[in-house]
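The values are calculated or read from the model by the stated rules, or taken from the named source; none is laboratory data. Quick caveat: nothing in here was measured; it's all calculated off a predicted structure. Every residue, glycine as well, gets a Cβ built from its backbone with ideal geometry; the counts of neighbours run over all protein chains shown. Surface areas here come from the heavy atoms of the whole protein model, side chains and all, with no ligands, DNA or RNA. Shrake-Rupley method; radii C 1.70, N 1.55, O 1.52, S 1.80 Å.
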Amino acid sequence: MNDPTLVSILVPAFNEEDNAEKAYNAIVAVFDRLPDYACEIIFTDNHSTDRTFPILRELAARDPRVRVIRFARNYGYQRSLLVAYQNARGACSVQIDCDLQDSPEHIPQMLSLWRQGHQVVYGIRRTLADPPAVAAARRLFYRGLSAMSDDDLPIDAGEFRLVDARILAELRSVRDTSPYLRGMISSMGFSQVGFAYDRAARTAGESKFPMRQMVSLAMDGLLNHSLVPLRMASGIGIAVGVVTILLMVGYLIGRLIFGQQWPAGFATTTILLLLGITLNALFLGIIGEYLGRMFLEIKGRPAPIVEAQLNGAGPLSLDFEIVPLRQAPGA
C-alpha cells in the first residue's frame, strides 16, 4: 500500500490566541477524512505579543505534525508567508489564514483539482465578509492591477491557494524584501485553475489587516507587477511638455505676427509654476518608490530571523538564519 501523500498546510499567525487551536482542529478534522493524505501544519508566528506562541508550543508538543516558526520580530505578512513556503516539505502546500475566513473544508476540492494536473489551485472570492466599501475597493484593485500588469493575475483571488512542489522549489530561491506572493506565484505560469467560494467572517478576534496594511499590500502588488506608474509619469510629462511648447508658439505668433499685447499674467504664471512643482513632486515620488525597493534589495538586509522552531527543521531555506534562543518540547 502506498504511503499517504504529504500536504503542507501553511498558517500565518499574529496575535491569534483565540483562533490558533480552532484552526488546528479544523485542519486536522479535514485530514482525518482523507486517508490518502497526511499533513504537516506549519504555523509562522510573526512575533505575537499575546498567548499565540505558548498555544502553538502546546500543539507542537502533543502533535508532531505541527511545526512552528516564530520570528524574532514582526516581518510582515508576505515575508512570513514566503518563509513558510520555503520550508514546506509536502508534495504540495495549501496556504490558509488562521482566522478561518477561508474554510479548510475546501481543501479536498483543491486536492482533487491538483490531482487532475494543475500546479496551482486558487480560491476566487465570490462573496466577501468585508464592509461594502472595502469589498468594492478590493474588487476594483484586483481588476485594475490585472489590467495594468503584464502578468496573468487572476481577479478576486486572495491568498487561499494550493501550489505544487515544483513551485515550492522555485520559491526557495526567491530573495525579495517586499514580496507579493499571489502575483509572484501567478506569474510563474504552469497550469493554474480557480474555484469559486464564499469567504466567511472571522471566527474570533480582530482583523490584523487594517486599511493601512491593505493599501501597503496594494502598493506592493502594483509596483512588483507593473511599470504603468513609470510610464504614466513619462507620458504625462511628455503631454505637459507638448502643451507648453504649443502655448509658447501660440504666444510668439500672436505677439510677433498679429501684434497682440498680452497682459502680464501673474496668476497664470503662478498656477503654471505650482503645476510644474506638483507634477515634479508626484512623479519623483513614484520613481522614489521603485528606487527605494532597489535600495532595499541592494542593501541586503537580513531575511526574517527565526527565534524558535518546533518539531523539526526540515529543508530550511537559506533565506534566513536560526537563532536558538529557546528550546521547546519536541524540538
If the chain between Thr5 and Ala72 were fully stretched, how many nm would it gain, using 0.36 nm times the residue separation less the Cα-Cα distance? 20.9 nm
Find how much the distance from Arg62 to Ser178 grows on full extension, using 0.36 nm per residue of separation minus their present alpha carbon separation; answer in nm with one decimal. 38.3 nm
Accessible area, 1.4 Å probe, largest first: how do Val11, Val243 sort? Val243, Val11
Given Ile124, Ile69, Met110, which one lies farthest toward the positive end of the charge dipole of the range 34-134, if we put +1 on the Cβ of every Lys and Arg and -1 on the Cβ of every Asp and Glu? Ile69
Compute, for the range 1-71, the length of the dipole vector about the Cα centre, with Cβ point charges of +1 (Lys, Arg) and -1 (Asp, Glu) only. Units Debye, rounded to 20. 120
Suppose every Lys and Arg Cβ carries +1 and every Asp and Glu Cβ carries -1, with no other charges. What dipole size does the range 1-137 come out with about its Cα centre, to the nearest 20 debye? 380
If I compute solvent accessible area with a 1.4 Å probe over the protein chains, what percent of it on the range 24-73 is carbon and sulfur? 52
Leaving out ligands and nucleic acids, and using a 1.4 Å probe, what accessible area per residue does the range 23-85 come to in Å²? 34
Determine, for each peptide in 162-170, 30-38, the mean count of other beta carbons within 10 angstrom over its residues, then list the peptides with the highest first. 162-170, 30-38
Accessible area of Ile245 in the full protein assembly, 1.4 Å probe (Å², nearest 10): 100
Cα gyration tensor category, rounded, prolate or oblate, for the range 50-89 with a/c compared to 1.5: oblate
